[in-house]
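Here is the structure we will look at, set down as structure tokens.
What follows draws every value from the coordinates through simple rules; no lab data is involved. No experiment lies behind these values; they were computed from the predicted model shown. Neighbour counts are summed over all protein chains in view; Cβ atoms, including those assigned to glycine, are modelled from backbone coordinates with ideal geometry.
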Amino acid sequence: MKYSKTQTQDLLLKIENSLRDYLLNNNIKNPIIIGVHTGGAWIADWLQKSLGFEGKAASLNISFYRDDFSKVGVNPRVDPTAMPVSVDDKHVILVDDVLFTGRTTRAAINEIFDFGRPLSVTLVVLVERNGKELPISADIVGEKLELDNNKNIKLLGPDPMILEIIDKG
Amino acid sequence: MNEKDDMGIKNKELNQQNIVSQQHLRHFLDIEYLPKSLILDILDLAESFAGVSGQPVKKVPLLRGKTIVNLFFESSTRTRTTFELAAKRLSADILNINLDYSATKKGETLLDTLRNLQAMHCDMFIVRHPSSGAAEFISKNVLQNISVINAGDGRHAHPTQAMLDIFTIRKYFSDFTKIKVAIVGDILHSRVARSLMHALRILEVPDVRVIAPKTLLPIGIEDMGATSYVNMDEGIKNCNVVIMLRLQNERMNSSFIPNEHEYYNLYGFTPRRLDLLAKNGIVMHPGPVNRGVEISSEVADGDRSVILQQVSNGIAVRMAILSLSMQP
């Protein structure tokens, strides 16, 4: 099942508004927005622009921080991490398309800390689905979904961004 | 092993040891039979690893808990150090064993040394040895779960050096099918030249030249897809990449050149020769550099030289090879 372009756009606007309020309420003026490859990086770029921040969002390739290397190895064709500014003493907004088991977020947080010591990390996701395996929750969520174990949800993009629910292959 | 055999090792079995499936390394012993796609995968992965050296914490946890042994039967500084740094940047534990001065001197056989290291639950051996075929021999005598990387065996192969050389070339010339590459110097004794020629052939470089006095050109060099030149000025003309090799006096058992001074005049890369290269041409050298023998200081330290970039790139390329050989 595919979300329509408008339905996905509505979720994007929802997280944008929530994030705007969150930054205002917490008096955060210059956060660093970091997206997780690949869907999270598209959303992070979109948020960077729509919130009026200059430049491109940073992006993380968490391949080298995954916990399943001994089972699945490493994919050679991934874009490198792009962290153009220091995260030291900065508020980090970590963005991903889907929060599922929490393992990707765990890896992303570990990688961020190899670039410095941020003041805080806030997790923003478009979709949070059932299946959590680690004590990790998102601060800002577009939509919470209950999906069968045999279903996957992924983001197609980057332009337009469209969510799709598919059977696990 | 005679010279002809040394240059002509063609062993299908080696290929199977190199590669378990098309995209999966078990050992990394030679480049000769690697598929182009796997070579490109290694280069792509190395691009991702290159960024790690620029991070505040120069480490990723990919090989945490793995134990790697640098098993060097021949002295080396650059290769051993870059393998050590590559392993450390992948968070593996690494042991350096210099067998020149170790157990073998006390009479222990190589196989006994290997058995002892296996009993210590090591996961990978990085082997340098003065005899051709040593890494392959070791790969046949280790447990199934241990990977062997060839860090240079006799005159046979130095595949990780060739990989870092083509990685460096790709930084300047993205399309291998449009470049001219010359390898200059002691081709006869050079495992780097052999591995490099295989890599350039697989990557479909259309014009590969080897330049040396006749005494330092192996028999059958044309079979490896290279054109030989005795005149350096002719050979390097319009080349995009010139790779200078060191005169390997330690491997020479008779007189191959009249003297170093004359060799420098005929085959040394002097500043005058820079003008013969293509406009964007670069000069490479695997090190150690003999200044005033095969290259002048002015060229080695000049803006067309990428010799130090080769060293930096060696870490990222070796990180890629270690992680691809260690994956399930």
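Summary value for chain B: 19 percent relative contact order, contacts being C-alpha pairs under 8 angstrom separated by 6+ residues. Largest first and in whole Å, the equivalent-ellipsoid semi-axes of chain B read 32, 22, 19, each the square root of five times a Cα gyration tensor eigenvalue.
Listed by chain and number, the aspartates and glutamates whose C-alpha is less than 13 Å from the C-alpha of B:K58, apart from same-chain residues fewer than 8 away, are A:E111, A:D114. Annotation: the residues B:Y229, B:Y267, sorted from fewest to most other C-beta atoms within 10 Å of their own C-beta, follow the order B:Y229, B:Y267. With helices as the sole contributors, chain A gives -9000 deg cm²/dmol at 222 nm; each DSSP H run of n ≥ 4 counts as -39500 (n - 2.57), and the sum is divided by every residue. Quick one: of A:K2/A:K154; A:K14/A:K49; A:K56/A:K90; B:K36/B:K237, which pairs are farther than 20 Å apart, Cα to Cα? Beyond 20 Å: B:K36/B:K237. Note on region B:159-308: Rg/Rh from Cα positions, Kirkwood definition for Rh, rounded to two decimals, is 0.92. Taking the square roots of five times each eigenvalue of the Cα gyration tensor of region B:185-226, the equivalent ellipsoid has semi-axes of 17, 10, 8 Å, listed largest first. Using the alpha carbons alone, the radius of gyration of region A:5-167 stands to its Kirkwood radius in an Rg to Rh ratio of 0.94. For peptide B:61-72, the mean count of partner chain Cβ atoms within 10 Å of a residue's Cβ comes to 2. Remark: relative contact order (region A:5-167) = 24 percent; criterion is Cα-Cα distance under 8 angstrom and separation of 6 or more residues.
Largest mean-square fluctuation among B:A278, B:A134, B:A182, in a Gaussian network model of chain B whose springs join Cα atoms under 10 Å apart, belongs to B:A278. GNM remark for chain A: springs join alpha carbons under 10 Å apart, and the peak mean-square fluctuation among A:G73, A:G40, A:G157 falls on A:G73. The tail of the calculated P(r) for the protein assembly as shown, taken as Cα-Cα distances beyond 30 Å, holds 54 percent of the pairs. Put in order of Cβ neighbour count within 10 Å, fewest first, the listed residues A:V72, B:V311 become A:V72, B:V311.
As a proxy for reagent exposure, B:E260, B:E47 were ordered by neighbouring Cβ count within 10 angstrom, fewest first; the result is B:E260, B:E47.
With a 10 Å cut-off around each Cβ of A:77-86, the average count of Cβ atoms from other chains is 3. Per-residue shielding of B:34-43, expressed as the average number of other chain Cβ atoms within 10 Å of the residue Cβ, stands at 1.
Pair-distance distribution of region A:82-169: all C-alpha pairs, bin width 5 Å, starting at 0; shares per bin in whole percent are 3, 12, 22, 21, 18, 12, 7, 3, 0.
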